Amino acid sequence: MDSTMMVREKKERRTELPDLEGCSEVTKVVMRIAPGPSGPLHLGHSRVAVLNDEYVKRYDGRLVNRFEDTNPEKVDPEAYDMIKEDLAWLGVEVHETVFQSDRFPRYYDVMRSLTGMGHGYVCICDSEDWRASKVSCKACPCRDLPIDEQLDRLDRFLSSGYAAGEAAAVIKTAIDHPNPAVRDFIALRQVDHPHPRTGDRYNIYPMMNLSVAVDDHDLGMTHVLRGKDHLNNTHRQEYIYGYMSWNKPRFFHYGLVSIPDTILKTSMIGNGIKDGTYRGWDDVRVGTLAALRRRGIEPDAIRKFWSEVGMKQVDVQVSWDNLFAMNRDIIDPKAKRFFFVPDPVELRVRFEGEAESSCPVHPDSPELGQRTHCFLNDFLVHICSDDMEELRDRGMIRLKGFCNIAHGEELRHAGDDMEVTRQGVKVVQWAPPGSVEAEVLMPDGETVSGLVEPISAQVDDMVQFERFGFVRIESLKPKVRAVFAHR
RNA sequence: GCUCCUGUAGUGUAGUCCGGCCAAUCAUUCCGCCCUUUCGAGGCGGUGACCCGGGUUCGAAUCCCGGCAGGAGCACCA
């Protein structure tokens, strides 16, 4: 029998997203990502960016990046560019960029229409009272005033005729809606705080349910992907679609993401930077894309990762192991190998004669050549203190690609018979003469110091420090500095 | 409290709509072994899951009912 028939073909790992419903019913798929510019993107944000981008590419659609900068107190002016960089790095192709802060008059117009149709009101009640009447399904005194009066109030409100916080424009849903989270919601509020992009030209700001519904409609969204924390917002926005007789996009809600021991909250990271806990947005301890980039995580690993997680409504607790495994698949074939010796100790070796060491730059790619070093008589190299202990305990160790070292009266070159490795002698990395100081920044923020052989790599390259892990080279001079990715 | 959503191995995921081909897929993790001058890669094998209880049915991860558990929302944040 043909032996190849016995071998079961390895199934390809499927990371394909399921088809998106409703794509056949529209002429052109239009989707969006809607970041709030309060900081750069983190791993959590990358999920919706990747999913939208994947679908838009699959269906040859259009992707809009809409900056949701409707809360002037939360906007970080630098975030606009940081987010653009993050998206570009991820390989997300944005066809159009929209700023909500350019569209305030449009939101006012829609609110006027809604109010004119009797679907909105301007409430001047104390906010506590308004909320309290809502939970007991009762209309506040403002809600049922005649439309003319509501329109007068709205004009006054829009021309700053009220003090900040005194009035708010509200959209009616059903005051006795069984779901308290869906009853009447605020659409416009007054904030006397300058906006990074519009200064003090406007002080009436839309709440997301108004601006999002208006924009999703105006920009022709066919499919909207969002976290399930927006489930009730979707219900609220559906009232606006209904009142305005707009076609609704299809909505999809995916579950929330958490990653053990990882901070994925922009505000928390921002605070940590302010109080000095973190060194910046790319501090390796945080979950920003900037930090992951610095650690040598490839955008394609992130894309594959989210494609596999998909869009289920269940909350997911994802683990770094899965992401790292995907990253390793990508970088392993192209990462040059070098010896890095953490916690180095001297190894003075008695030797007479000439020898040359030789290790492949990459074990699976011989064409990349060898790393070689020449030795004449007694020599001095460095090995890791743990391996020195092993040498003492066992009496022998092998310097990878070079020779065996025996520990007797003195340390001596013990030939390079590789048979010893079959007897359990450890093969270790070592730092030849001419090695330079190196520091590896670990994910916990600590630094591991040591020696690294002269390396033929460039800044930003991913390399593997043998028996240590994959690292990204951050600088080569005056000393080698690298950032740890994963084993 | 109210409303909504969801429950497949440690983790992620396939299967659930249209019951049988599911003694449940793939990946990762962990543990062995093989290979390899790395604790990387590769190969082989193993541990490990349909939340619980009823019902319908010849047959249920899949349909129905009831529990239970987890999550989200009830903001002049997004």
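Would you mind checking which residues have amide H under 5 Å from A:ARG250's amide H? H placed 1.01 Å from N; only 5 or more apart, or other chain.
Answer set, sorted by chain and number: A:HIS223, A:VAL224.
Please give the helix A:79-90 orientation as an angle from the longest Cα principal axis of chain A, in degrees from 0 to 90, rounded to the nearest 10.
50
How would A:MET442, A:MET208, A:MET418 line up from fewest to most surrounding beta-carbon atoms within 10 angstrom?
Listed from fewest to most nearby Cβ atoms, that is A:MET418, A:MET442, A:MET208.
How many Å³ per residue does the convex hull of the Cα positions in the range A:163-260 occupy?
Spread over its residues, the Cα hull of the range A:163-260 gives 164 Å³ apiece.
Evaluate 2.2 N^0.38 Å with N set to the residue count of chain A, then give the Cα radius of gyration divided by it.
1.33
Whole number please: convex hull volume per residue of the Cα set in the range A:1-154, in Å³?
Given the Cα convex hull of the range A:1-154, per-residue volume reads 239 Å³.
Let me have the 222 nm mean residue ellipticity of chain A computed from DSSP H runs of 4+ only, each contributing -39500 (n - 2.57), with the sum over all residues rounded to the nearest 500.
On the way: 13 runs with 139 residues, N = 487.
Mean residue ellipticity at 222 nm (helix-derived): -8500 deg cm²/dmol.
Return the distance in nm (one decimal) between the two label points of a simple spin-label model at A:SER358 and A:LYS57, each offset 7 Å from Cα along Cα→Cβ.
4.2
Measuring from label point to label point, each 7 Å out along Cα→Cβ, what is the A:ARG348 to A:LYS274 span in nm?
In this crude label model, A:ARG348 to A:LYS274 measures out at 5.8 nm.
Largest first and in whole Å, what are the equivalent-ellipsoid semi-axes of the range A:245-353 based on the Cα gyration tensor, each being the root of 5 times an eigenvalue?
Semi-axes from the Cα gyration tensor: 40, 21, 12 Å.
Let me know the shape class of the range A:103-206, please: from the alpha-carbon gyration tensor, a ≥ b ≥ c as square roots of the eigenvalues, rounded when a/c is under 1.5, otherwise prolate if a/b is greater than b/c, or oblate.
Verdict is prolate for the range A:103-206.
Select from the range A:352-433 those GluC sites (Glu not before Pro) which occupy a DSSP coil region and have at most 12 other Cβ atoms within 10 Å, ordered by residue number.
On the way: sites: A:GLU352, A:GLU354, A:GLU356, A:GLU367, A:GLU389, A:GLU390, A:GLU409, A:GLU410, A:GLU419; in loops: A:GLU352, A:GLU409, A:GLU410.
Passing both the DSSP loop test and the Cβ count: A:GLU352, A:GLU409, A:GLU410.
Only Lys, Arg, Asp and Glu count, each charged at its Cβ (+1, +1, -1, -1), so figure out the dipole size of the range A:335-487 about its Cα centre, rounded to 20 debye.
Computed charge dipole of the range A:335-487: roughly 240 debye.
Compute the distance in nm between two label points, each set 7 Å from the Cα along the Cα-to-Cβ direction, one at A:GLN458 and one at A:LEU264.
Result: 3.4 nm between the two label points.
If you wrap a convex hull around the C-alpha atoms of the range A:306-356 and split its volume per residue, what is the figure in Å³? Don't jump to the answer; show the numbers that get you there.
Values: hull volume 5.7 nm³, N = 51.
Taking the convex hull of the Cα positions in the range A:306-356, it is 111 Å³ per residue.
For the range A:335-487, max minus min Cα coordinate along each principal axis, in Å, sorted largest first?
In descending order, the Cα extents are 43, 34, 29 Å.
Taking loop as defined by DSSP and a crowding limit of 13 other beta carbons within 10 Å, which trypsin sites (Lys or Arg not before Pro) in the range A:122-175 fit?
A:LYS138
Please find the FRET efficiency linking A:LYS479 to A:LEU256, where r is the Cβ-Cβ separation and R0 is fixed at 35 Å, and quote it to the nearest 0.05.
Once the sixth-power term is evaluated, E becomes 0.25.
In the range A:228-285, if the dipole is taken from +1 on Lys/Arg beta carbons and -1 on Asp/Glu beta carbons about the Cα centre, which of A:GLY270, A:SER258, A:TYR241 is farthest to the positive end?
Farthest along the dipole direction, towards plus: A:TYR241.
Return one number: the angle in degrees, 0 to 90 and rounded to the nearest 10, between the long axis of the Cα atoms of helix A:43-58 and the longest principal axis of the Cα atoms of chain A.
Approximately 80 degrees, to the nearest 10.
Given charges of +1 on the Cβ of Lys and Arg and -1 on the Cβ of Asp and Glu, with all other atoms neutral, how large is the dipole of chain A about its Cα centre, in debye to the nearest 20?
Details: 63 positive and 78 negative charges, 213 e Å.
Here the size comes out at about 1020 debye.
Please report the base-10 log of the normalised intensity I(q)/I(0) for the range A:361-442, using a Debye sum with one equal scatterer per alpha carbon and no solvent, at each q in 0.12, 0.14, 0.20 (1/Å).
-0.41, -0.55, -1.05
Please give me, ordered by residue number, the GluC sites (Glu not before Pro) of the range A:16-58 that lie in loop per DSSP and have at most 13 other Cβ atoms within 10 Å.
Answer in residue order: A:GLU16, A:GLU21.
To the nearest 10 degrees, how steeply does helix A:320-331 sit against the main Cα axis of chain A, on a 0 to 90 scale?
Compared with the principal axis, the helix lies near 60 degrees.
Given 0.36 nm per residue, what is the gain on full extension from A:GLU78 to A:ASP315 after removing their alpha carbon distance, in nm?
Working: separation 237, 0.36 × 237 = 85.32 nm, distance 3.11 nm.
Once the chain is fully extended between A:GLU78 and A:ASP315, it gains 82.2 nm.
FYI, it's all coordinate maths here, none of it is from the lab. Note that the structure is a prediction, hence the values are computed from the model and not measured. Here the Cβ is made from the backbone with ideal geometry for all residues, glycine too, and neighbour counts use every protein chain on show.
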